[in-house]
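Notes follow the structure.
The values are calculated or read from the model by the stated rules, or taken from the named source; none is laboratory data. Please read all numbers here as calculations on a predicted model, not as lab measurements. As a convention, Cβ positions derive from the backbone with ideal geometry for all residues, glycine included, and neighbour counts pool all protein chains shown.
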Amino acid sequence: MCCGEQRAPSISPDGKRVAVDTDDDGKNADVWIYDLDGRISTRRLTFGGANRFPTWSADGMRVTFRSDREHDFAVFWQLADRTGTAERLTKPARSEAHVPEAGSPDGKSLLFDAI
């Protein structure tokens with residue numbers, strides 16, 4: 001079970017799961033997935049780096065999130081079932097941070113903030 005403050009909830013497209021980011025000490029931040037009907041236990045999706053701002057892909061197969069795992073604030077995504085590894089989607093400029101907002105319905109485009 002996760003601990004600490006839970007933020008940035010994102011409901012899956014089918015309405016059955018919610019992804020949240022947690023921050024337990026100001027240094028570790030991870031994305032967790034809750035099954036809303038309670039039949040599947042809470043699962044930690046991310047490992048390594050500070051991972052925040054989860055957003056579901058339109059098909060509900062992946063969760064997109066911001067991470068500093070490669071020493072910048074880029075957008076990554078990972079399969080929601082935790083198979084495979086996180087895949088980097090953006091490369092911010094030196095003074096930027098990228099924050100995912102939404103994916104297109106066809107899964108071919110990603111809306112993100114560059115701050």
Practice task
Report yes if VAL18 is more than 15 Å from ARG66 (Cα to Cα), touching a Phe, Trp or Tyr at 6+ places or on another chain (Cβ under 7 Å) and either small (Gly, Ala, Ser) or at pLDDT 95 or above (or both), otherwise no.
Solution key: yes
Exercise for the section: Considering every residue within segment 54-61, establish whether at least one is of a type in the set (Phe, Trp, Tyr), under 15 Å from the mean Cα position of the chain (by Cα) and assigned to a strand (DSSP E or B). Expected result: yes
Completion exercise
When every residue in segment 6-27 that is touching a residue at least 24 places away in the same chain (Cβ under 8 Å) and in a loop (DSSP other than H, G, I, E, B) is compared, the one surrounded by the most Cβ atoms within 10 Å (Cβ to Cβ) is SER12
Problem - Residue that is surrounded by the most Cβ atoms within 10 Å (Cβ to Cβ), among those in segment 28-53 that are of a type in the set (Asp, Glu) and part of a strand (DSSP E or B) - result: ASP30
Handout entry: Of all residues in segment 81-115 being surrounded by 10 or more Cβ atoms within 10 Å (Cβ to Cβ) and either among the acidic types (Asp, Glu) or in contact with a Cys (Cβ under 7 Å, 6 or more places away or on another chain) (or both), the one that is nearest to ILE40 (Cα to Cα)
Key = ASP81
Handout entry: Hits in segment 91-115 (condition: in contact (Cβ under 8 Å) with a residue 24 or more places away in the chain, touching a Phe, Trp or Tyr at 6+ places or on another chain (Cβ under 7 Å) and not acidic (Asp, Glu))
Key = ALA97, HIS98, VAL99, PRO100
Problem - Subset of segment 59-80 [surrounded by fewer than 16 Cβ atoms within 10 Å (Cβ to Cβ) and closer than 11 Å to PHE112 by Cβ] - result: none
Practice task
Please specify each residue of segment 74-107 satisfying the condition of being at pLDDT 95 or above and part of a loop (DSSP other than H, G, I, E, B).
Solution key: ALA80, ALA86, LEU89, THR90, LYS91, PRO92, ALA93, GLU96
Practice task
Could you tell me which of the residues PHE53, PHE73 is more than 19 Å from PRO9 (Cβ to Cβ), in contact with a strand residue (DSSP E or B) (Cβ under 7 Å, 6 or more places away or on another chain) and free of Cβ contacts under 8 Å to residues at least 60 places away in the same chain?
Solution key: PHE73
